[in-house]
Amino acid sequence: MANTFIRVQEADFDLTTEIKNLRNADPQVGAVVSFLGTVRDMNEGSEVKAMTLEHYPGMTEKALQNIMDQARVRWDIRNSLVIHRVGALLPEDQIVLVAVTSAHRGEAFSACEFIMDYLKNAAPFWKKEETAEGGRWVDARVADGAAMARWKI
């Protein structure tokens with residue numbers, strides 16, 4: 001049975017440690033796929049000096065659990081992990097880690113991509129960028145919606 005691990009936190013995380021813990025000496029794991037999202041220094045033609053991420057505690061974790069449960073139903077995965085940071089971040093800081101283990105790479109790739117696509121569109125996080133022009137809330141991109149739509153849930 002697959003295990004899901006969800007953390008919404010201000011603190012940074014170590015990618016190597018998180019992947020090692022997700023594998024957890026499971027001899028049935030033949031594939032580990034991960035996505036690491038970081039803060040860019042440019043967005044929509046403006047320099048990004050900082051970003052603040054907000055969430056709705058309780059609701060956010062519930063939404064993430066729902067996304068991960070859907071992935072577990074669709075693909076034969078062993079474990080999955082989402083770590084999403086909140087609070088003040090700077091360019092190059094890590095924002096999000098999505099990682100999935102399975103016996104085979106195809107299952108892991110699909111599940112990881114699905115989780116990330118739904119996280120970008122359906123999880124209650126709000127981003128505010130600080131630019132030279134001032135603060136601005138970041139809207140979902142059309143491409144993110146299109147990526148999610150292809151999964152047809």
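What follows draws every value from the coordinates through simple rules; no lab data is involved. A quick note: this is a predicted structure, and the numbers were derived from the prediction, not measured. We place every Cβ from the backbone using ideal geometry, glycine too, and count neighbours over all the protein chains shown.
Given the criteria touching a strand residue (DSSP E or B) at 6+ places or on another chain (Cβ under 9 Å) and part of a helix (DSSP H, G or I), does residue 19 qualify? Against the criterion (touching a strand residue (DSSP E or B) at 6+ places or on another chain (Cβ under 9 Å) and part of a helix (DSSP H, G or I)), residue 19 qualifies.
For the stretch 20-38, the count of residues that are farther than 23 Å from residue 151 by Cβ, out of contact with any Lys or Arg (no Cβ under 9 Å at 6 or more places or on another chain) and surrounded by 15 or more Cβ atoms within 10 Å (Cβ to Cβ) is zero.
Restricting the stretch 1-19 to residues that are charged (D, E, K, R) and surrounded by 13 or more Cβ atoms within 10 Å (Cβ to Cβ), which is farthest from residue 59 (Cα to Cα)? My answer is 18. Look at (1) within 16 Å of residue 7 (Cα to Cα); (2) surrounded by 15 or more Cβ atoms within 10 Å (Cβ to Cβ); (3) not acidic (Asp, Glu) and you find that residue 87 fails only one, number (2). Condition test on residue 47, is it surrounded by 13 or more Cβ atoms within 10 Å (Cβ to Cβ), of a type outside the set (Lys, Arg), over 17 Å from residue 4 (Cβ atoms) and in contact with a Phe, Trp or Tyr (Cβ under 6 Å, 6 or more places away or on another chain)? In short, no. The residue of the stretch 115-130 that is farthest from residue 58 (Cα to Cα), among those that are of a type outside the set (Asp, Glu), in contact with a strand residue (DSSP E or B) (Cβ under 7 Å, 6 or more places away or on another chain) and not in a helix (DSSP H, G or I), is 128. Consider residue 101 carefully, then state whether it is surrounded by 18 or more Cβ atoms within 10 Å (Cβ to Cβ), closer than 27 Å to residue 151 by Cα and in contact with a strand residue (DSSP E or B) (Cβ under 6 Å, 6 or more places away or on another chain). It is true that residue 101 is surrounded by 18 or more Cβ atoms within 10 Å (Cβ to Cβ), closer than 27 Å to residue 151 by Cα and in contact with a strand residue (DSSP E or B) (Cβ under 6 Å, 6 or more places away or on another chain).
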